[in-house]
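Structure, as structure tokens:
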Amino acid sequence: MKKLWISLTYLVFILLIIIPLIRIVTGAFAQGISGFTAALLRPEALHALMMTGAVVVVVTLLNTLFGVMMAIYLVRANWLSDRVKNVLNSIVDLPYAVSPVIGGLMIVLLLGPDSIMGTFFERSGFQVVYAFPGMVIATLFVTFPLMVREIMPVLQEIGAQQEEAASTLGAYGWRTFWYVTWPSIRWAVIYGVVLTVARSLGEFGAVLVVSGNIMNKTQTATTLVYQDVENFNVTAANGLALVLAAFSAALLLIMEWSKKRKEVH
């Protein structure tokens, strides 16, 4: 039975990951290297990759800042009642339970041009939906739990004794954080950053709804892949998909290699 389950596990791994990845690689180079480079050097592809990179950078910075704060509040904030913490925990886990498409629709209904807040922002000259800010909010909604759920177990494991000792010795809040808390959670934060980047690169549903998929304006790499597939431009779609998959996989492999060199568990 043990050999049977191991064999089934490998079979599922091959069917769900290896074979589709091989198909993407072969499809990307179906027209040779020239076809692959031509697909990536299209003006719409370059713009989509630049837009994706900008969204990833902004979302990663915001997710790191607010994710660390939320994790510390949920674990260390004794002034918050258990009921409030339970509510906040539920809010943090909401993207896991709600489809990204639903999340994008919620943002459109809240900040779209037909909403009160959206109308206010547009009259102020600041467009949210069908523009870059809406894409950032949608991606942030999807990726927010990744950072929080990486840091919280580490904070719970290390306890608060060292931080309390630092406070007793006269260390201020920021000094305690940088010299006591940060060394303990830095690898969790780094891993959360890696997961955020990888997830942001592959986000599709929420961004598609919020951005409107406007070419050379609000189109990301994933929505361009979707458009290429719809237009039967399979080689170009496979090329972009290969770039995104390779970058995400490389991030995760580098992270695992760094953790092993640093003997991080």
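The figures follow:
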item: Where a residue in the range 149-178 is over 27 Å from Leu94 (Cβ atoms) and touching a residue at least 24 places away in the same chain (Cβ under 8 Å) and its partner, wherever it lies, is buried (at least 16 other Cβ atoms within 10 Å of the Cβ) and of a type outside the set (Gly, Ala, Ser), with Cβ under 7 Å and at least six apart; result: Glu163/Thr176; Glu163/Val180; Glu163/Thr181
item: Checklist (1) surrounded by 13 or more Cβ atoms within 10 Å (Cβ to Cβ); (2) under 26 Å from Thr222 (Cβ atoms); (3) of a type outside the set (Asp, Glu) applied to Thr176, failing item; result: (2)
item: Tally of residues being over 17 Å from Ile102 (Cα atoms), among the aromatic types (Phe, Trp, Tyr) and touching a residue at least 40 places away in the same chain (Cβ under 8 Å) across the range 126-141; result: 1
item: Residue within the range 185-193 that is of a type outside the set (Lys, Arg), within 20 Å of the chain's Cα centre (by Cα), within 24 Å of Ser99 (Cα to Cα) and modelled with pLDDT of 90 or more present; result: yes
item: Residue selected from the range 95-139 under the condition of a type in the set (Ser, Thr, Tyr) and within 25 Å of the chain's Cα centre (by Cα), by the criterion surrounded by the most Cβ atoms within 10 Å (Cβ to Cβ); result: Thr139
item: Pair list, Cβ under 9 Å, 6 or more apart: the range 31-50 residue surrounded by 12 or more Cβ atoms within 10 Å (Cβ to Cβ), other residue part of a helix (DSSP H, G or I) and among the hydroxyl-bearing types (Ser, Thr, Tyr); result: Gln31/Thr235; Gly35/Thr235; Phe36/Thr235; Ala38/Thr235; Ala39/Thr235; Ala48/Thr222; Ala48/Thr223
item: Candidate set: the range 194-229, residues that are hydroxyl-bearing (Ser, Thr, Tyr) and closer than 20 Å to Ala39 by Cβ; chosen: the one farthest from the chain's Cα centre (by Cα); result: Tyr226
item: Test: Gly118 is in contact with a Leu (Cβ under 9 Å, 6 or more places away or on another chain), modelled with pLDDT of 85 or more and of a type outside the set (A, V, I, L, M, F, W, C); result: no
item: Among the candidates Phe120, Phe144, residue that is part of a helix (DSSP H, G or I), aromatic (Phe, Trp, Tyr) and touching a residue at least 12 places away in the same chain (Cβ under 8 Å); result: Phe144
item: Among the residues listed as Glu157, Glu163, the single one being more than 26 Å from the chain's Cα centre (by Cα) and either modelled with pLDDT of 85 or more or crowded, with 16+ Cβ neighbours inside 10 Å (or both); result: Glu163
item: Residue check for Ser258: farther than 30 Å from Gly32 by Cβ and at pLDDT 90 or above; result: no
item: Residue list for the range 1-58, filter: in contact with a Phe, Trp or Tyr (Cβ under 9 Å, 6 or more places away or on another chain) and assigned to a helix (DSSP H, G or I); result: Ala28, Gly35, Phe36, Met51, Ala54, Val55, Val58
item: Any pair with Cβ under 8 angstrom, 6 or more apart, that starts in the range 71-99 at a residue that is closer than 21 Å to Glu163 by Cα and in contact (Cβ under 8 Å) with a residue 12 or more places away in the chain and ends at one that is surrounded by 11 or more Cβ atoms within 10 Å (Cβ to Cβ) and among the hydroxyl-bearing types (Ser, Thr, Tyr); result: Ile72/Thr181
item: Residue match in the range 66-83 (condition: part of a helix (DSSP H, G or I), within 19 Å of Ala221 (Cα to Cα) and aliphatic (A, V, I, L, M)); result: no
item: Among residues of the range 190-237, those that are assigned to a loop (DSSP other than H, G, I, E, B) and surrounded by fewer than 21 Cβ atoms within 10 Å (Cβ to Cβ), counted; result: 10
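The values are calculated or read from the model by the stated rules, or taken from the named source; none is laboratory data. Since we're looking at a predicted model, the values are computed, not measured. With ideal geometry, Cβ positions are generated from the backbone for all residues, glycine too; neighbour counts draw on all protein chains shown.
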